[in-house]
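Chemist: I have a structure I would like to understand better, so I am pasting it below and will then ask my questions one at a time.
The values are calculated or read from the model by the stated rules, or taken from the named source; none is laboratory data. This one's a predicted model, so the numbers in the text were calculated from it and none came from an experiment. In this analysis, Cβ positions are derived from the backbone assuming ideal geometry, glycine residues included, and neighbour counts consider all displayed protein chains. Calculation scope for accessible area: heavy atoms of the full protein, side chains included, ligands and nucleic acids excluded. Shrake-Rupley method; radii C 1.70, N 1.55, O 1.52, S 1.80 Å.
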Amino acid sequence: MDYFPRLVDKEIDNKIKAFNAINIVGPKGCGKTRTAKERCKTIIEFQDEEKRDGYLNIAETSPTLFLNNKKPILFDEWQDAPKIWGTIRKACDDVPEATGEYFLTGSTSKKVETPHTGTGRISEVTMFPMTLFETQESNGTISLLKLFEDKEYNIDGKKSDLTLEDLFYIVSRGGWPRCLAINDKEAKLQIAQDYFEQIYKKDISSIDGVKRNPEWARTILWSYARNMATLAKKSVIFADVRATHNISDITFSSYVEALENLFVIKDIAAWTPQIRSKTAIRAAKKHIFIDPSIGLAALGIKSDYFYKDLDLFGHAFENMVLRDLLAYAEIHNARVMHYCDDIGLEADAIYQLSDGRYALVEIKTGENSVPAAEKNLLKFKELIKKHNAEALFDKEHPGVLYREPDLLLVICAKAPIAYTTANGVKVLPIACLRD
């Protein structure tokens with residue numbers, strides 16, 4: 001199968017100019033090993049059954065022998081031979097001028113505590129499942145970063161090629177590279193289903209060697225899926241699980257932590273500026289799956305279900321957009337957050353660059369939701385302006401000032417074309433978006 005370019009390619013190629021070793025982390029099946037193989041002349045795969053015993057013997061007794069091979073060298077599933085980490089770390093110290101000689105990839109289902117960190121020597125890169133741009137289902141005619149960089153950037157009239165029915169299927173299939181090698185559409189849906197089953201049956205226990213109850217893990221994933229892309233409290237999810245299983249809160253928390261370490265579930269943190277003096281900001285985190293297809297597999301739902309439940313599709317679609325934004329943030333050195341207060345003001349996502357510039361983002365299914373989303377974004381912007389004006393009222397002792405949003409965006413599933421409203425809000429079809 002041909003290599004499909006990944007967003008992290010550029011980040012990795014930049015890092016190997018400064019570091020001698022790169023550790024690629026991320027969910028199982030997202031393409032870590034294939035991306036590393038594209039750059040390496042020697043591949044050491046500890047899961048290769050024909051060579052495994054020999055490799056493990058060398059790794060245990062004389063791991064430096066591996067370093068005599070042609071470089072760059074990839075150590076795949078390096079956690080099976082944890083001495084490799086220290087060996088590479090020392091090699092980086094011994095030849096500080098060398099760069100880009102070693103790559104590490106491994107399974108998220110096995111966590112290894114190393115005696116030394118790789119700080120300053122082994123740089124880490126996080127990969128996500130493929131975005132719509134990487135699977136070539138977004139035509140990439142609108143660049144998120146260029147929206148920040150070029151105030152004259154004209155996105156109006158860019159057309160989307162995907163239908164709502166297409167997105168029903170894509171969100172259910174997920175962004176798994178393995179799907180690109182399969183021709184049968186129904187068979188592609190089995191990838192996420194198998195991944196889900198492996199998580200609760202095996203990975204939940206193998207990550208740290210602690211035996212965990214598969215049914216408890218499955219129910220936790222089911223409850224998270226029911227609350228996908230919401231601010232549901234952990235106590236609500238815990239209550240879901242307790243309804244059918246006798247599990248303690250401490251045990252529940254340990255399962256959730258394991259699922260987070262497996263890159264299965266992720267929480268989006270709240271943006272918490274006090275822009276309303278008497279309003280409580282909801283600091284609850286938004287729960288998402290690293291890919292929405294896992295959550296839909298946990299619910300036992302396939303794409304045709306969305307014809308009768310657009311509300312659930314809205315949550316799955318928001319999860320997919322947040323997945324893509326997180327992938328873009330990884331290469332932009334940005335952050336993805338959300339905002340919600342008890343008066344009803346919210347932003348589905350806040351995309352903030354490292355220099356403080358940020359976009360307020362609403363994520364909507366249909367174009368008929370755009371006017372309400374625009375009204376909300378403009379209200380948010382006006383509230384920040386009002387807060388700043390009040391903060392400057394006492395010029396000798398000004399209050400805290402907040403930067404006004406640089407972009408107001410509505411990312412839409414069904415919008416056929418991109419356009420800018422009279423108030424400057426940009427409406428972007430998801431099938432046009434790229435990094």
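Chemist: Is it possible to state the helix-based mean residue ellipticity at 222 nm for the chain, with each DSSP H run of 4+ residues giving -39500 (n - 2.57), the sum divided by total residues, to the nearest 500 deg cm²/dmol? What is it? The partial results should precede the final answer.
Modeler: Values: 13 runs with 154 residues, N = 435.
So the calculated ellipticity at 222 nm is -11000 deg cm²/dmol.
Chemist: Rounded to the nearest 10 Å², what accessible area does T87 have for a 1.4 Å probe in the complete protein model?
Modeler: Here the residue's solvent-accessible area equals roughly 20 Å².
Chemist: So, for the stretch 282-344, what is the accessible surface per residue at a probe of 1.4 Å, expressed in square angstrom? Before the final figure, lay out the partial values.
Modeler: Details: 2210 Å² over 63 residues.
That works out to 35 Å² for each residue.
Chemist: Net charge within 11 Å of K32 by Cβ-Cβ distance, Lys/Arg positive one each and Asp/Glu negative one each, not counting K32 itself? Present the calculation step by step, with values, prior to reporting the outcome.
Modeler: Values: positive: R6, K28, R34, K37; negative: D76, E77.
Local net charge: +2.
Chemist: Could you state the principal axis extents of the C-alpha atoms in the chain, from the largest down, to the nearest angstrom?
Modeler: The Cα atoms of the chain stretch 68, 53, 45 Å along the principal axes, largest first.
Chemist: Output the antiparallel fraction of DSSP beta bridges having both residues in the chain, as a percent to the nearest 5. Don't skip to the answer; put the middle values down first.
Modeler: Details: 18 of 48 bridges.
Expressed as a percentage, antiparallel bridges in the chain total about 40.
Chemist: Pull out the extension gain between Q198 and Q136, defined as 0.36 nm times the separation in residues minus the alpha carbon to alpha carbon distance; nm, one decimal. The partial results should precede the final answer.
Modeler: Working: separation 62, 0.36 × 62 = 22.32 nm, distance 2.76 nm.
Working it through step by step, the gained length comes to 19.6 nm.
Chemist: Using only the alpha-carbon atoms, how far is helix 249-261 inclined from the longest principal axis of the chain? Give it as 0 to 90 degrees, nearest 10.
Modeler: 80
Chemist: Can you give me the long-range amide H partners of E77? Hydrogens built in the peptide plane at 1.01 Å from N, cutoff under 5 Å, separation of 5 or more residues or another chain.
Modeler: T105, G106, S107
Chemist: Near the amide H of I417, under 5 Å away, which other amide H atoms are found, from residues 5 or more places off or on another chain, if H is placed in the peptide plane?
Modeler: The answer is S160.
Chemist: Mind pulling the angle between the C-alpha long axis of helix 52-61 and the longest principal axis of the chain? Nearest 10 degrees, somewhere in 0 to 90.
Modeler: Between helix and principal axis, roughly 80 degrees.
Chemist: Still on this structure, I have one more. Rounded, prolate or oblate: pick one for the stretch 154-290, where a ≥ b ≥ c are the square roots of the eigenvalues of its C-alpha gyration tensor, a/c under 1.5 means rounded, and failing that, prolate if a/b is larger than b/c, else oblate.
Modeler: Working: a/c = 2.33, a/b = 1.08, b/c = 2.15.
Oblate, since a/c reaches 1.5 and b/c is not below a/b.
Chemist: Give me the percent of accessible area attributable to carbon and sulfur for the stretch 1-125, probe 1.4 angstrom. Kindly include the intermediate steps, with their values, before the conclusion.
Modeler: On the way: 3040 of 6330 Å².
The C+S portion of the solvent-accessible surface of the stretch 1-125 is 48 percent.
Chemist: Here is a further query. With Cβ to Cβ distances under 14 Å as the rule, what net charge do the other residues near P214 carry (K, R +1; D, E -1)?
Modeler: Values: positive: K201, K202, K211, R212, R218; negative: E197, D203, E215.
Here the charged neighbours net out to +2.
Chemist: Of all accessible surface on the stretch 376-428 at a 1.4 Å probe, what whole percent is carbon and sulfur?
Modeler: 56
Chemist: Okay, next question. Tell me the accessible surface of F313 in square angstrom (1.4 angstrom probe, heavy atoms of protein chains only), to the nearest ten.
Modeler: That residue has around 0 Å² of solvent-accessible surface.
Chemist: Round to the nearest 10 and report in Å² the accessible area of E165, as given by a 1.4 Å probe over the protein chains' heavy atoms.
Modeler: Spelled out: E165, probe radius 1.4 Å, area about 90 Å².
Chemist: Can you compute the FRET efficiency between E186 and S254 using 1/(1 + (r/R0)^6), with r the Cβ-Cβ distance and R0 = 41 Å? Round to the nearest 0.05.
Modeler: Numbers: r = 36 Å, r/R0 = 0.89.
So, using R0 = 41 Å, E works out to roughly 0.65.
Chemist: If you don't mind, there's one more thing I want to ask. Once amide H atoms are built 1.01 Å from N in the peptide plane, which residues 5 or more positions from E38, or in another chain, come under 5 Å H to H?
Modeler: Here the answer is none, since no amide H 5 or more places off falls under 5 Å of that of E38.
Chemist: Let me ask something additional. Quick check on the stretch 304-434: take the gyration tensor over C-alpha atoms, sort the square-rooted eigenvalues as a ≥ b ≥ c, and tell me if it's rounded (a/c under 1.5), prolate or oblate. Could the numbers behind the result be given before it?
Modeler: Numbers: a/c = 2.14, a/b = 1.75, b/c = 1.22.
Prolate, since a/c reaches 1.5 and a/b exceeds b/c.
Chemist: If I stretch the segment between D156 and D53 completely, what's the gain in nm (0.36 nm per residue apart, minus their alpha carbon distance), one decimal?
Modeler: Working: separation 103, 0.36 × 103 = 37.08 nm, distance 5.90 nm.
Here the segment from D156 to D53 would lengthen by 31.2 nm.
Chemist: Residues of the stretch 350-389 with backbone nitrogen within less than 14 Å of a virtual label 7 Å along the Cα-to-Cβ line of N333, please, listed as ranges.
Modeler: 353-357
Chemist: Still on this structure, I have one more. Mind checking the full-extension length gain between L65 and A372? Use 0.36 nm per residue of separation minus the Cα-Cα distance, one decimal, nm.
Modeler: Here the segment from L65 to A372 would lengthen by 104.2 nm.
Chemist: Against the longest principal axis of the chain, how steep is helix 164-173, in degrees 0 to 90 to the nearest 10, with axes from Cα atoms?
Modeler: 30
Chemist: Evaluate E = 1/(1 + (r/R0)^6) for N261 and K395, where r is the Cβ-Cβ distance and R0 equals 60 Å; express this FRET efficiency to the nearest 0.05. Working shown, then result.
Modeler: Details: r = 50 Å, r/R0 = 0.83.
It comes to 0.75.
Chemist: At 1.4 Å probe size, with the rest of the protein present, what percent of the exposed accessible area of the stretch 218-263 is carbon and sulfur atoms?
Modeler: Numbers: 1090 of 2120 Å².
In the stretch 218-263, the share of accessible area belonging to carbon and sulfur is 52 percent.
Chemist: Right, here's the next one. Given labels modelled 7 Å from the Cα in the Cβ direction, how far is it in nm from A18 to D94?
Modeler: Output for this residue pair reads 2.6 nm.
Chemist: Sticking with this structure for a sec: Probe of 1.4 angstrom, ligands and nucleic acids ignored: what's the accessible area per residue over the stretch 1-159, in square angstrom? Walk me through the numbers on the way to the answer.
Modeler: Values: 7890 Å² over 159 residues.
In whole numbers, the stretch 1-159 has 50 Å² accessible per residue.
Chemist: Further question on the same structure: Under 13 Å from the Cβ of D184, count the other residues' Cβ atoms, weight Lys and Arg +1, Asp and Glu -1, and hand me the total. Could you put the intermediate results ahead of the total?
Modeler: Values: positive: R173, R178, K185, K188; negative: E186.
Neighbourhood net charge equals +3.
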